[in-house]
Amino acid sequence: MRSKHPPNTQVISTMATETLALTPENVEKVLDELRPYLIADGGNVELTEIEGPIVKLRLNGACGTCPSSTMTLKMGIERRLREYIPEISEVEQVL
């Protein structure tokens, strides 16, 4: 049976029982789980800054110009980040 995850990706357990602290390393860890999907569509995501409880990200490549980028950021990336790092109050897109 094939895995639904792209090959050679480190997947954070979907059965997470503990939350992560809001640190650049932990944000990157969660983003690393999502990157293969963005890369498959010709894009990527970059952490630019953490300002208090606000995480600022830049969508690159096709994701930066995609009409659905706001939906990707809010409903996909932000939701996943907040699932693991509840301390995050918002994810903002940096252009």
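The values are calculated or read from the model by the stated rules, or taken from the named source; none is laboratory data. Everything quoted here is computed from the prediction, not taken from an experiment. In this analysis, Cβ positions are derived from the backbone assuming ideal geometry, glycine residues included, and neighbour counts consider all displayed protein chains.
Scanning the stretch 78-87 for residues that are in contact (Cβ under 8 Å) with a residue 12 or more places away in the chain and under 12 Å from the mean Cα position of the chain (by Cα), which turns out surrounded by the most Cβ atoms within 10 Å (Cβ to Cβ)? Looking at residues that are in contact (Cβ under 8 Å) with a residue 12 or more places away in the chain and under 12 Å from the mean Cα position of the chain (by Cα), I get Leu81. Checking each residue in the stretch 35-58 for being modelled with pLDDT under 95 and under 15 Å from Ile85 (Cα atoms) picks out no residue at all.
The set of residues in the stretch 39-77 that are within 22 Å of Asn26 (Cα to Cα) and surrounded by fewer than 12 Cβ atoms within 10 Å (Cβ to Cβ) comprises Glu51, Gly52, Met75. Cβ-Cβ distances below 9 Å connect the following pairs, each with a first residue in the stretch 27-51 that is touching a residue at least 24 places away in the same chain (Cβ under 8 Å), a second residue that is assigned to a helix (DSSP H, G or I) and among the charged types (D, E, K, R), and a separation of six or more residues or different chains: Val30/Arg80; Val30/Glu83; Leu31/Arg80; Glu33/Arg80; Leu34/Arg80; Val45/Arg35.
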